[in-house]
1. What's the local net charge at A264, with K and R +1, D and E -1, over the other residues with C-beta under 12 Å away?
2. Roll a 1.4 angstrom probe over the protein heavy atoms and tell me the percent of accessible area of region 7-53 that is carbon or sulfur.
3. Have a look at G37, G65, G303 and tell me which one the Gaussian network model of the chain (Cα, springs below 10 Å) gives the largest fluctuation.
4. Which percent of the accessible area of region 332-402 is formed by carbon and sulfur heavy atoms (probe 1.4 angstrom)?
5. Leaving ligands, DNA and RNA out of it, report the carbon-plus-sulfur percent of the accessible area of region 210-326 at a 1.4 Å probe.
6. Along the Cα-to-Cβ line of L286, 7 Å from the Cα, sits a label point; which residues in region 197-219 have backbone N less than 19 Å from it?
7. What does the highest-first list of 155-168, 341-354, 70-83 look like by mean Cβ count within 10 Å?
8. Looking at region 2-198, what % of its DSSP beta bridges pair antiparallel, to the nearest 5?
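The values are calculated or read from the model by the stated rules, or taken from the named source; none is laboratory data. Here the structure is a predicted model, which means the values were calculated and not measured. Using ideal geometry, Cβ is built from the backbone for each residue, glycine included, and neighbour counts are taken over all protein chains shown. These accessible areas exclude ligands, DNA and RNA; they are computed on the full protein's heavy atoms, side chains included. Shrake-Rupley method; radii C 1.70, N 1.55, O 1.52, S 1.80 Å.
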Amino acid sequence: MRTITVQLGAEEARVDVAVDGARFRRQVGYRGDGPWGLTRWTDPADGAAYVVFSGALGGAADLLGPVSGPDDLMPTALVVDGAPVAVTPPAGALLAGHHLGFAAGPWRAAAAAGVVVHARSSLDADLGDLLAETRAALDWLLDFFGGSAPWGSDYAQVLVPDAPWLAMEHPGCVLLSERVLAADPVRRMAVLAHEAAHQWLGNLVSPAAWTDVGAFEGLAELLGQLTCRGLLGHDADPYLDARRQTPPLVRLPGDDPRTLAATAGLAEVAGPAQHAELYRSVRSSLTGDVFRERVRGLLLDRGGTATSAAQIWAALGVGPQEPVRVSLPVATRAEEGAWLRQVRDLGEEDPATVALWARRAFRAAPAKGGRVADAVAALGDRSVPRAAAVGLGAELVRGARRLD
Ligand SMILES: [Zn+2]
């Protein structure tokens, strides 16, 4: 049993971890950006302070130190003191560091039919549609997976501002960007269902190594797409058609970002949509019913154990597959563009934000100013943050047909 107690202070948090009689304590300063690792922000609307923690993308190090890996599964209780409301994982759930997420502060809760949405107190939004859409997605997936709900009584989601991603599937504390409220309803349903599917595939059965993350992302993505199509019918087709037109993944020179805690969960590395197409073709060859039975069999056999991508493919009765990865040419540059100097300065903190900013910087750079040569050179340049290189690689393969 691992017990993590987080005492929230104004400047930093005190974290006590007890594992099988061994104890350690650390003082952790809050990060300003995020939510990645332990972050604290003040709502400008009313001055209220919120703390959000995400253990994904290497953020677990803030609570557990750098030793935590995807296979450190153990019964874990996370207790958060010092906030009016704390949204935490179910006590005693089998969790690895990257599963851990919590939200603390004066959250306002809206609830209906076993779904809870926590939002900051100043957020003036009707959450009724979000509650109903989540319920519909959960019901579709409960029917697919069979058995009981892996999240216990209530399914809790927390709306957070300024997240670089749309959602993160932490057990007991699914984080959603406030941007989902304004998103296209089909896209919103796909995101809600993707995160809900992770409660089975990713949380109940979880990756053995960082290189296995893509396999789980692909299954959650496919289930999200199937939920969308099942609930919204042909209205979902334009979104799903666009979502499925995904470029290949890029192969970076040097370290494989799939093996790094800080980058393995990035969409550009894990390739959810690319992996989903592989599973979709297996499902077509097996028929939907057989595919569903084999996924259920995977859960029965592997629930609560770290599971490799190879074991997932074996459970489906087919050999392992990987999406295509393209090697981009090695380039040297004469003089580096100003935009790339900014990317170089992004640092290694918060990989999801770094990848996003790098992509934005590339798009904003003058198309005729040598940005493609700059970006290609950056892929193999170890002084460029790896998350930024991954983001730039995604831009390059996406735009491969219209390179300047
Ligand atoms: Zn996912």
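1. Charge balance near A264 sits at -3.
2. Carbon plus sulfur share of accessible area: 45 percent.
3. So, out of G37, G65, G303, the one fluctuating most is G65.
4. Answer for region 332-402 is 50 percent, counting heavy atoms of protein chains only.
5. In region 210-326, the share of accessible area belonging to carbon and sulfur is 52 percent.
6. Hits in region 197-219 for L286 at 19 Å: 197-208, 212-219.
7. Ranked by mean Cβ neighbours within 10 Å, highest first: 155-168, 341-354, 70-83.
8. Roughly 70 percent of the beta bridges in region 2-198 run antiparallel, per DSSP.
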